Structures are given as structure tokens and as C-alpha cells.
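One structure is given below, encoded as C-alpha cells.
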């Protein structure tokens with residue numbers, strides 16, 4: 001289920017648990033990849049970037065959480081704009 005890791009991420013962010021948030025982000029990006037790499041979805045541009053996970057990373061950063069996780073699904077060029 002693609003939403004479960006995102007819910008876990010939100011909980012870790014609210015708990016101000018950077019290590020837990022990183023672990024949840026890794027799982028969320030893995031779920032994103034598994035979902036969008038299905039043959040019927042591979043060429044759909046909607047899966048090339050996860051705006052919701054990028055937004056979560058920006059919110060975590062703004063809240064003072066230092067995240068170590070990076071992903072091509074949330075490009076640094078995008079994150080740096082906010």
C-alpha cells in the first residue's frame with residue numbers, strides 16, 4: 001500500500017524523529033518506485049517525481065529536522081526552490 005509509508009513519515013515528523021523519518025522516507029520512495037515501475041505506468045510522467053514526498057521533505061527541513069535521505073524522485077533542484 002503506497003500510503004502507509006507516508007503516514008509513518010508524517011508520524012515520525014510530528015514526533016521530531018529525524019532517524020525514523022529517514023527510514024520512513026526510504027520506504028516511501030521504495031513504494032513509489034515499485035508502484036510506478038509497473039509496465040502499465042512506466043511511461044506516465046506523474047511517477048517521475050513524488051511531489052508529496054518532496055513537500056514532506058521541505059516541511060521536515062522547515063521544522064528543523066536534518067534528513068539524510070535523498071532521491072531522484074525528489075530532486076534537490078526542486079527542494080532548493082522552497
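For the chain, find the longest principal axis of its Cα atoms and tell me its angle to the long axis of helix 4-14, 0 to 90°, nearest 10.
20 degrees
For the Cα atoms of the chain, what angle does the longest principal axis make with the long axis of helix 51-62, in degrees from 0 to 90, nearest 10?
In the chain, helix 51-62 runs at an angle near 10 degrees to the longest axis.
Given the rule -39500 (n - 2.57) for each run of at least 4 DSSP H residues, summed and divided by the residues of the chain, what is its mean residue ellipticity at 222 nm, to the nearest 500 deg cm²/dmol?
Helices in the chain give a 222 nm mean residue ellipticity of -17000 deg cm²/dmol.
Please report the relative contact order for the chain, taking Cα pairs under 8 Å with a sequence separation of at least 6, and give it as a percent rounded to a whole number.
30 percent
To test your reading of the geometry: what angle, between 0 and 90 degrees and rounded to tens, separates the Cα axis of helix 18-36 from the longest principal axis of the chain?
It works out to around 10 degrees.
Grab the Cα-Cα distance for residue 19 and residue 35, subtract it from 0.36 nm times how many residues apart they are, and report the gain in nm with one decimal.
3.3 nm
Read-outs: derived from the displayed coordinates by stated rules, not from any lab. Computed from a predicted structure; not experimentally measured.
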